[in-house]
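Here's the structure we're looking at; comments come further down.
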């Protein structure tokens, strides 16, 4: 797959299919990007599990924090990685050891590891690199357009109301 460019349908398909997200590298610091991405995803109705060994056993945004993916007592649909690119192979290995397997490995802005992505795809997982699910959700839902930013998405379709703060839901195409 070409990881330099993603079709809107690929991204919206992922965001419409996942319900549970593990955020690896979650921070309890409210000015860190992982914190406000978690807050946004929770507001959109996703179940979010923070993963951070230094915060394990504590709550971040009201969610119990786990030391590693295997400690999460529920199935995970997506693993959102807020770690350096060189940490990705070990995280993907950990995700591939889960049962059931997650559906998606998502690497945040500036995070890319093609070798780990290839292994995840070979196991049947979808992969997104160098993107933020918060930004992509807002772009595809038309929320970025509220601020005058060109989202690249045009639609004459009536917005789909979903749960969450000012949420229109992600458009399929």
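The values are calculated or read from the model by the stated rules, or taken from the named source; none is laboratory data. No experiment lies behind these values; they were computed from the predicted model shown. Because the Cβ atoms are built from the backbone with ideal geometry, glycine has one as well, and the counts that use them run over all protein chains shown.
Taken residue by residue, the range 5-13 has no member that is surrounded by 21 or more Cβ atoms within 10 Å (Cβ to Cβ), touching a strand residue (DSSP E or B) at 6+ places or on another chain (Cβ under 6 Å) and on the phi < 0 side of the Ramachandran plot.
When residue 124 is tested against the conditions (1) over 16 Å from the mean Cα position of the chain (by Cα); (2) modelled with pLDDT under 90; (3) at positive phi, the lone failure is (2). Residues in the range 14-26 that are part of a loop (DSSP other than H, G, I, E, B) and crowded, with 19+ Cβ neighbours inside 10 Å: 18, 25, 26. Among all residues of the range 38-47, there is at least one that is in a loop (DSSP other than H, G, I, E, B), on the phi > 0 side of the Ramachandran plot, surrounded by fewer than 16 Cβ atoms within 10 Å (Cβ to Cβ) and at pLDDT below 95. Could you identify the single residue in 67, 123, 90 that is surrounded by fewer than 19 Cβ atoms within 10 Å (Cβ to Cβ) and closer than 21 Å to residue 29 by Cβ? Testing whether each residue is surrounded by fewer than 19 Cβ atoms within 10 Å (Cβ to Cβ) and closer than 21 Å to residue 29 by Cβ leaves just 67. Set side by side, the residues 16, 8, 29 differ, and just one is in contact (Cβ under 8 Å) with a residue 60 or more places away in the chain and farther than 22 Å from residue 112 by Cβ, which is 16. One residue alone among 29, 2 is surrounded by fewer than 16 Cβ atoms within 10 Å (Cβ to Cβ), at pLDDT below 95 and not in a helix (DSSP H, G or I), and that residue is 2.
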